[in-house]
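The values are calculated or read from the model by the stated rules, or taken from the named source; none is laboratory data. On a predicted model such as this, the values are computed, not experimentally measured, just so you know. Glycine also receives a Cβ, built like all others from the backbone with ideal geometry; neighbour counts cover every protein chain displayed. In case anyone asks, the SASA skips ligands and DNA or RNA and just uses the protein heavy atoms, side chains included. Shrake-Rupley method; radii C 1.70, N 1.55, O 1.52, S 1.80 Å.
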Amino acid sequence: MTNLDQDFEFDDSKGRLTFDFQGFLFKILRNWLFIAICVAIALGIAHYKNVRKQNIYRLNALVSVESEQNPFFTANTSISFNWGGVSGKLGKVMTTIATRSHNELVIDSLQFYKQYLKQGKYHLLDIYKTSPYDVEIDKAQYQMLGRPIEIKHVNDNTYKLVYDFLETQSVNCQRYSDRSIENFNVSPGTFEQEFTYGDSVNLPFFNGVINKRNGRTPDTNNQYFIHFLNFDGLVSRFQNSVNVSFFRGSSTVLSLAQSGNNKAKIVDYLNATTEILRETELRTKNLYATNTIAFIDSTMGAVGNNIKDVNQEMDDFRSSNKVFNVTDDISNTSERLKEYETSRETERTKVNYLDNLESYLQNKSDYTNIAAPTSVGIEESGLLNSIGKLTSLAIQRQNQEKTAREGSILLRRLDAQIDAEKNVTFELINAARRGINLQLGALNGSIAKLESELRKLPKEQQEFLKIQRKLDISQESYNVYQAKRSEAAIVKAANVSDITMIDAAKDVGNGPIGPKKSLNYMMALLLGGLIPSLIIFVIFIFDNNIHTSEDVERLSKIPIIGLVGKYEYKNNLVAFEKPKSAVAESFRSIRSSLQFIYKNQKSPDGSKTLMFTSSISGEGKTFCSINTATVYALTGKKTVLVGLDLRKPKIFNDFDVKNDKGAVNYLINDAGLDDITHNTHIPNLDLILSGPIPPNPSELLMSERMSELIAELKTKYDMIVLDTPPLGLVTDALELSQHADAIIFMVRLNYTKKGMLALVNSKQRKGELKNVNFLLNFYRHKKGSSYGYGYGYGYGYGAYGDAYLENDKKSLFSRVKKIFKRK
């Protein structure tokens, strides 16, 4: 039987193994002090952590993301662009908040890499704007990272910077203008130098100006520090700190929430996040208008140069030719020709735009810089929508590049959409070009017809009219572009962001959300009780020792004849020398139980034989056999105690006799019964020792001479007590059991192995042991519990029992020592 099986009992009625829950419960109760100590330690740890943890606060802000109408389309404008719906913007906003570039902008604007600290009771506290100092750093210079520099107020005009470098010879410093990090040499030891408020400080590890905030005088009883953090590391910490969710199911309102130790910092970060989102979105939204204005400006520059050239040409013509008048018919023809040529110039501009757009789409990968087609008069809705989608996809891809890895599924999907939309745009460009070319063909025909009429005029007049038309066309084109540019600039200036702050973050006195101190205490209480209970459970499962009478009852059906408590005395003669002790009363109870067993055997009256055995040595077999024989002798019965543990004799020590002659001598026919019998100082008790240790003890005990010894003893004594070898080690006890009317198997609590009971059960079932009973030794008496057992006539020692028994007074030291010896 394995260790694990010892705490499980086979239930014959149900056909399954059952766990000893009652035994485990008593094990828990016996170790209540250990559990209580563990719970106290766990609560102490929880308290230690709770008082040292800073409060955690959570604040939020509400942001609206609306879908505005086309920002470049009104009843009076001719430049338009489709920006798509609100769902795309919501996704872009939620993605942007988690991007590194966005958080870099927020942290840089707030200078969160600069920490104001104050020494608290347990750690440094981030006091942010409540610091009495205001530090303005020089971003172009380096600042020491990760080492708080103490600022000591000296007087109204001066302060000291203090830092103990110990044995450090170099420190890491960062320049926040370009985020570069360098290593600077410093002098080991304590740095301490006095400076004037408002003066520039230039040190290898600090560069800036320190002022008193709002004229406040720092409290000299507190320690204040300035601490610089690594910019990139700080951005990584804040990158996912803002939790974005839809506000109460709204599809256009987002809730931005952040947790931290300093409420003022949370407020500033959320509000700065919203403001930078708004500015970035507006800048992106105006990108199309900005590109359009840039395109118009470049075109106007070319048209303006052309006007200058034509004006110069007209001046040159007039200086070399006389001034003349043209007839009304010729003026009308020239005016009509100018209109056709203006229209042709407009269509050529459209073709030029389409050619440039096609080349741009073929050779470039950034499609966010496309000017509006309406800026040159192209109004085809299909082309406008296609370019709008293409630009929107390009902007979306730029935003995704900040968080997604190149080659990811998301970017590949966007690239596929962009390529598909480009192919659509190419088809629409070709279609628009074909339509414009048809228009140009018709215009060229009309222009050729009118030019043929004008060729009838003198050459000077033809040249004058030609220059005049060129000048008028250029001027009209310039006026058109100027009007479109003014229109685009006005709309851009009036444009607003689609992101609006509905409810700004604000500290309204909300309490902390953490640390959850009550939860920590509850977890400490739970773990403090659960962990020791688990340890006790593991020990209980793998514990192979017998601890209580319930263990014996659970593992065996053999009755328990009695319990014997642990009693510290100078020898084993407790029943004789301490007759009023609890142990002596236990043996008298065992004697009464034996009388009941002998009566039930219905054997003729006469000598009775009692055999003591055990599983292994050290379980109290000799002690119990001596005291049982003693209580029988004290009743007037002639009793003999026979030592048959031939391998390890012990009895002679307690009776001060020599073990030079005994049962061995009788068994080898070297002596008679009278020769080996010793009278003791205990009335009616004789003693037969084992004698010298023989080489063949088993053979001697199995001999006929052994039977003769028992038979001869029965003729002389009323009670024969046999102290035999351990049953679990040798077979001698089995051979002797045939001579015993009753067998007592010793079980020492907290010592005897549970597996030994299986051995006894097996021997009993096979009939090798008869009339066997368990005697539990080293029982620990507890006040108020029954001392004794139901199978005999044991006594319950309460107040009466304490008065009846001897009161062995012991010193306080002895009692404390005894407590620590207990398991």
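Miscellaneous remarks
- Checked against the criteria, I546 does not count as touching a Ser or Thr at 6+ places or on another chain (Cβ under 8 Å) and at pLDDT 90 or above.
- Hey, S381 over 54 Å from the mean Cα position of the chain (by Cα) and at pLDDT 85 or above or not: no
- Just one residue in the set S365, S386 is without any contact (Cβ under 8 Å) to a residue 24 or more places away in the chain, on the phi < 0 side of the Ramachandran plot and of a type in the set (S, T, Y); that residue is S365.
- Number of the condition not met by L689 [criteria: (1) touching a strand residue (DSSP E or B) at 6+ places or on another chain (Cβ under 6 Å); (2) exposed (fewer than 15 other Cβ atoms within 10 Å of the Cβ); (3) of a type outside the set (S, T, N, Q)]: (2)
- Scanning the stretch 389-420 for residues that are small (G, A, S), open to solvent by 50 Å² or more (accessible area, probe 1.4 Å) and farther than 16 Å from L361 by Cα gives no hits.
- Qualifying residues in the stretch 624-667 (those that are out of contact with any Gly (no Cβ under 9 Å at 6 or more places or on another chain) and basic (K, R)) - the one modelled with the highest pLDDT: K638
- Every residue from the stretch 568-586 that is over 30 Å from L769 (Cα atoms) and open to solvent by 40 Å² or more (accessible area, probe 1.4 Å): E568, Y569, K570, F576, E577, K578, P579, K580
- Among (1) assigned to a strand (DSSP E or B); (2) surrounded by fewer than 17 Cβ atoms within 10 Å (Cβ to Cβ), the one test that S187 misses: (1)
- Which listed residue is farther than 30 Å from A61 by Cβ, aliphatic (A, V, I, L, M) and not in a helix (DSSP H, G or I), from I535, I561, I541, I531: I561
- In the set (1) closer than 30 Å to M611 by Cα; (2) at pLDDT below 90; (3) open to solvent by 10 Å² or more (accessible area, probe 1.4 Å), the condition left unmet by P559 is number (2).
- Of the residues examined, I682 is not one that is touching a Ser or Thr at 6+ places or on another chain (Cβ under 7 Å), at pLDDT 90 or above and buried (at least 22 other Cβ atoms within 10 Å of the Cβ).
- Boolean, L734 is crowded, with 19+ Cβ neighbours inside 10 Å and under 24 Å from Y598 (Cβ atoms): no
- Any chance F542 is within 30 Å of K766 (Cα to Cα), open to solvent by less than 10 Å² (accessible area, probe 1.4 Å) and not polar (S, T, N, Q): no
- Strands (runs of 3 or more DSSP E) completely within the stretch 206-317 that count 3 or more residues being in contact with a Phe, Trp or Tyr (Cβ under 7 Å, 6 or more places away or on another chain) and under 21 Å from V135 (Cβ atoms): 207-212, 224-228
- For the stretch 592-602, the criterion of a residue being polar (S, T, N, Q), open to solvent by 30 Å² or more (accessible area, probe 1.4 Å), modelled with pLDDT of 90 or more and under 17 Å from N773 (Cα atoms) is satisfied by at least one position.
- Looking only at residues of the stretch 488-517 that are open to solvent by 80 Å² or more (accessible area, probe 1.4 Å) and assigned to a helix (DSSP H, G or I), we find that the one that is nearest to V253 (Cα to Cα) is A493.
- The listed residue being closer than 30 Å to F246 by Cβ, at pLDDT 90 or above and open to solvent by 50 Å² or more (accessible area, probe 1.4 Å), out of I56, I41: I56
- Matching residues in the stretch 339-388 - criterion: being farther than 23 Å from D297 by Cβ and open to solvent by 20 Å² or more (accessible area, probe 1.4 Å): E339, Y340, E341, S343, R344, Q362, S365, E380, S381, G382, N385
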